[in-house]
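Q: Sharing a structure, written as structure tokens. Questions coming.
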Amino acid sequence: MEPPREEIGTRDGRNVSPGLGQLLGEGAAQQVKPPPERAAPDLLPTVAKEEPGSPTYYGLPVLKEPVWTWEIPAYFFTGGLAGACAVLAGAAQLAGGAPSRALVRRARLLAAGGAAASAALLIDDLGRPGRFGAMLRVFRPSSPMNQGTWVLSGFGAFSTAAAAGAVLSLPRPLRGASEAAGLGAALLGLPLVGYTGVLLANTAVPLWQMTGNTLPLLFAFSGAVSAGAAFDLWPVPGPGATMARRFGLVAKGAELALSRIMHLEASAVPRVEMALRRGRAGRLLRLARIALLASVALDLLPPRGRGRRLASGALAMAGTLAVRFGVVAAGRASARDPRATFEMQRAGHGAAEIVREKKRPMPAPPGVDVGGRESYQHGAAPP
């Protein structure tokens with residue numbers, strides 16, 4: 001059967017639609033650098049100029065830096081905000097009482113809106129909606145990205161059902177289902193706020209690997225800060241405002257402490273920690289600390305008027321947003337630094353750490369021992 005007349009010319013000789021080969025998504029933004037004009041022997045002076053005791057791969061990056069655009073750190077932010085709001089709504093729902101109803105209602109609305117924004121940002125980064133659905137074809141516990149997709153999908157369904165009960169007048173059976181959905185969203189909100197930190201730590205980027213113990217907690221409390229800031233900007237009437245303010249204040253203190261711990265964890269290899277202090281990432285992370293400290297000061301100093309509460313919320317929201325963009329920028333800078341990669345591995349981190357945990361020797365090619373030295377005498381035949 002011949003294809004319709006209008007489709008003739010849109011396919012090549014293999015009957016493959018050109019639309020399937022369109023370059024979309026995060027990979028479409030990559031730009032290939034032109035090759036250097038100098039000849040290969042000119043690389044020798046580059047090697048000779050390297051710092052003694054700190055070799056690199058001809059001065060070039062060993063890793064390919066992430067190609068993520070602004071949508072991914074924004075997705076980290078909206079996902080953390082949505083998950084933390086769902087947890088806060090679940091806690092207020094279990095506490096019960098009329099004063100907490102306004103807090104539950106607004107938190108559910110923010111959770112549903114954040115889930116929708118997170119899905120939109122993730123799909124925009126992937127390039128087409130079908131790729132998001134393709135990640136749901138399998139269930140892989142060893143993949144943080146696959147698990148995060150399932151968590152976000154379930155969270156979106158639960159939070160939408162809970163928000164529907166908050167804005168619509170539903171019959172009694174449906175109201176009970178909406179309340180149960182609110183608790184389900186709270187349960188899925190707990191992994192949603194921190195799984196992105198696990199996702200970053202599961203990469204080969206030196207900084208993200210080195211701070212793998214801190215990043216999930218930092219992102220979780222950063223999401224809680226954004227939830228508390230949202231209720232400063234959109235105040236809840238009644239005693240629910242006190243609950244939200246204390247929730248945000250505790251989270252701000254924890255985020256400031258974890259930000260410092262992240263520097264200490266990365267400083268085990270000073271070259272890796274350097275990415276947190278220099279360039280765009282350093283400026284963003286310093287801005288985040290200053291904004292959070294100013295927000296805490298406004299929360300603690302009397303009197304606490306409406307204008308001061310709005311200023312505190314705006315500073316906290318800007319600070320926690322800067323944390324996400326700063327961590328991503330620091331990871332990209334770390335991936336571009338070949339010395340950070342080499343020094344981290346020589347310090348026994350990264351893959352060597354995993355081998356020690358499994359208590360198995362590091363695999364080595366024939367004729368080379370675990371330390372990288374030749375394992376047979378000069379002149380002797382290799383084993």
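Q: Is it the case that some residue within the range 138-147 is in a helix (DSSP H, G or I) and out of contact with any Leu (no Cβ under 7 Å at 6 or more places or on another chain)?
A: Within the range 138-147, one or more residues are in a helix (DSSP H, G or I) and out of contact with any Leu (no Cβ under 7 Å at 6 or more places or on another chain).
Q: Looking at the range 242-288 only, could you name the residues that are among the charged types (D, E, K, R) and more than 15 Å from Thr211 (Cα to Cα)?
A: Arg245, Arg246, Lys252, Arg278, Arg280, Arg283, Arg286, listed by residue number.
Q: Also: Right, Thr196: in a helix (DSSP H, G or I) and farther than 30 Å from Pro338 by Cβ or not?
A: no
Q: All but one of (1) of a type in the set (A, V, I, L, M, F, W, C); (2) at pLDDT 75 or above; (3) over 21 Å from the mean Cα position of the chain (by Cα) hold for Ala380, so report the exception by its number.
A: Failing condition for Ala380: (2).
Q: Kindly provide the set of residues from the range 249-261 that are of a type outside the set (A, V, I, L, M) and under 20 Å from the mean Cα position of the chain (by Cα), ordered by number.
A: Listed by number, the residues that qualify are Lys252, Glu255, Ser259, Arg260.
Q: For the subset of the range 99-119 comprising residues that are small (Gly, Ala, Ser) and farther than 24 Å from Leu321 by Cα, which member is modelled with the highest pLDDT?
A: If we take residues in the range 99-119 being small (Gly, Ala, Ser) and farther than 24 Å from Leu321 by Cα, then Ala102 is modelled with the highest pLDDT.
Q: Right, something else. Arg308 versus (1) in contact with a helix residue (DSSP H, G or I) (Cβ under 6 Å, 6 or more places away or on another chain); (2) touching a residue at least 40 places away in the same chain (Cβ under 8 Å); (3) of a type in the set (Lys, Arg): which is the lone unmet condition?
A: (2)
Q: For the range 176-206, how many residues are within 13 Å of Arg108 (Cβ to Cβ) and either crowded, with 23+ Cβ neighbours inside 10 Å or of a type outside the set (A, V, I, L, M) (or both)?
A: 7
Q: Restricting to the range 192-251, give me the number of residues that are among the aromatic types (Phe, Trp, Tyr) and free of Cβ contacts under 8 Å to residues at least 40 places away in the same chain.
A: Qualifying residue count for the region: 1.
Q: If the requirement is being at pLDDT 90 or above and either under 19 Å from the mean Cα position of the chain (by Cα) or not in a helix (DSSP H, G or I) (or both), which of these qualifies: Leu81, Leu88, Leu122?
A: Going through Leu81, Leu88, Leu122 in turn, the sole match is Leu81.
The values are calculated or read from the model by the stated rules, or taken from the named source; none is laboratory data. Just so we're clear, the structure is a prediction, and the values are computed from it rather than from any experiment. Positions of Cβ are generated from backbone atoms using ideal geometry, with glycine treated the same way; all protein chains shown enter the neighbour counts.
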